[in-house]
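Here the structure comes first, spelled out in structure tokens, and everything after it is commentary.
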Amino acid sequence: MFGKDPDNTIDMTATGAGALIDDDFAGAGESVSADGAETFAYPMLGKDGFEKTLEEGCETAAMLASDVAFLVPELVSEVEGPVPVPVRLNDRVVYRFVKRIFDIVFSLCAITILLVPSIFLCIAIRIESPGNPLYSQKRVGRIGRNGEVCTFDMYKFRSMHKDADERLAELQELNEADGPLFKIKDDPRVTRIGRFIRKHSIDELPQFLNCLAGQLSCVGPRPPLPSEVAQYDERAMQRLSVKPGLTGYWQVWGRSDTGFDDMVAMDLAYIEERSFATDLRVIVETTSVMMSGKGAC
């Protein structure tokens with residue numbers, strides 16, 4: 001039913017996937033020194049959207065050594081004795097439970113409301129460009145505690161011509177994004193309808209199906225391509241410690257106006273600050289961004 005991305009493989013290294021630990025026991029950006037002492041350098045965002053840092057000793061950043069999200073193997077050996085369960089574990093479990101219930105209810109409501117408009121949009125896409133109006137692409141979800149890589153098929157309304165994947169190689173030298181990302185402002189593969197639905201993020205709406213299935217959350221870091229993750233360093237790998245989402249800090253504060261490093265900083269800030277109130281705020285701000293189309297490529 002869906003057109004598929006042939007790239008189903010991903011090359012993960014021990015310093016990447018193998019170093020990640022389940023986010024129930026974790027924040028983001030913490031480290032442990034060789035003598036076991038805690039140090040903190042959290043990527044956070046101020047009201048103006050710029051990154052800031054909370055140093056060790058700040059009350060909101062004070063956490064247990066066991067609350068470390070990402071320990072590279074050589075640092076794990078430095079932590080002696082049993083690791084105690086962090087105090088905030090119960091709060092995090094409750095948050096994840098409420099978040100999942102919200103994802104199910106919100107997705108069902110969105111799918112019901114958008115069903116008829118989606119049918120008309122599919123017809124318009126098919127008339128302009130032959131091919132399936134729905135498109136699926138292999139994406140990377142969260143990394144499990146054992147370093148296992150989870151991938152899934154993410155759905156979109158097709159915004160490009162059906163031969164877009166085959167033409168990607170010939171356009172690589174025109175890439176305007178940094179890091180592993182690929183972006184062209186005037187991508188010749190995009191259709192006229194595609195430009196509109198991409199500008200207002202309408203092409204992403206079928207991902208409520210992924211939300212309902214539990215592969216995505218309404219709010220979280222955007223799921224990357226396997227080819228992008230293969231180029232991640234340890235810092236970028238941290239954004240895969242939680243379930244990816246339909247929208248997040250990057251979507252409401254940056255989009256295509258920001259570079260790869262800024263995107264990673266925003267995602268790590270969300271991982272540290274995430275709460276149900278934060279998720280609701282991001283959803284409200286996403287609606288405003290969708291209406292304006294600001295920052296879209």
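Out of the range 130-151, which residues are touching a strand residue (DSSP E or B) at 6+ places or on another chain (Cβ under 8 Å) and either at pLDDT 90 or above or closer than 19 Å to Asp203 by Cβ (or both)? The answer is Gly131, Asn132, Pro133, Leu134, Tyr135, Ser136, Gln137, Lys138, Arg139, Val140, Gly141, Thr151.
Regarding Arg222, is this residue farther than 21 Å from Leu108 by Cβ, surrounded by fewer than 22 Cβ atoms within 10 Å (Cβ to Cβ) and not acidic (Asp, Glu)? Spelling it out, Arg222 is indeed farther than 21 Å from Leu108 by Cβ, surrounded by fewer than 22 Cβ atoms within 10 Å (Cβ to Cβ) and not acidic (Asp, Glu). Being in contact (Cβ under 8 Å) with a residue 40 or more places away in the chain, surrounded by 17 or more Cβ atoms within 10 Å (Cβ to Cβ) and touching a His at 6+ places or on another chain (Cβ under 7 Å) is a description that applies to Thr191. So is Lys99 surrounded by 14 or more Cβ atoms within 10 Å (Cβ to Cβ), closer than 20 Å to Met290 by Cβ and of a type in the set (Lys, Arg) or not? No. Residues in the range 150-172 that are within 21 Å of Ile184 (Cα to Cα) and free of Cβ contacts under 8 Å to residues at least 40 places away in the same chain: 11 in all.
Listed here are the residues, each with its yes/no results for (1) hydroxyl-bearing (Ser, Thr, Tyr); (2) closer than 23 Å to Arg274 by Cβ; (3) crowded, with 20+ Cβ neighbours inside 10 Å.
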| position | (1), (2), (3) |
| --- | --- |
| Asp203 | no, no, yes |
| Gln215 | no, yes, yes |
| Gln231 | no, no, no |
| Arg235 | no, yes, no |
| Gln238 | no, yes, yes |
| Leu246 | no, yes, yes |
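Only one of (1) modelled with pLDDT under 80; (2) in a helix (DSSP H, G or I) is not met by Ile193, so which one is it? Unmet for Ile193, out of (1) modelled with pLDDT under 80; (2) in a helix (DSSP H, G or I): (1). When Glu148 is tested against (1) closer than 15 Å to Leu209 by Cβ; (2) within 19 Å of the chain's Cα centre (by Cα); (3) not small (Gly, Ala, Ser), exactly one condition is not met: (1).
Within the bounds of the range 280-291, is there any residue that is buried (at least 16 other Cβ atoms within 10 Å of the Cβ), at pLDDT 90 or above, touching a Pro at 6+ places or on another chain (Cβ under 9 Å) and not in a loop (DSSP other than H, G, I, E, B)? No, the conditions are met nowhere in the range 280-291.
Listed by first and then second residue, the pairs linking a residue in the range 128-149 that is farther than 17 Å from Arg222 by Cα to a residue that is surrounded by 19 or more Cβ atoms within 10 Å (Cβ to Cβ) and among the small types (Gly, Ala, Ser), with Cβ atoms under 7 Å apart and 6 or more places separating them unless they lie on different chains, are Gly147/Ala17. Scanning the range 209-237 for residues that are out of contact with any Asp or Glu (no Cβ under 9 Å at 6 or more places or on another chain) and either within 15 Å of Ser136 (Cα to Cα) or not in a helix (DSSP H, G or I) (or both) yields a count of 7. For the range 229-246, residues that are in contact (Cβ under 8 Å) with a residue 40 or more places away in the chain and touching a strand residue (DSSP E or B) at 6+ places or on another chain (Cβ under 8 Å) total 10.
The values are calculated or read from the model by the stated rules, or taken from the named source; none is laboratory data. Keep in mind it's a predicted model, so treat the numbers as computed, not measured. Note: ideal-geometry Cβ built from the backbone for every residue, glycine included; neighbour counts use all protein chains shown.
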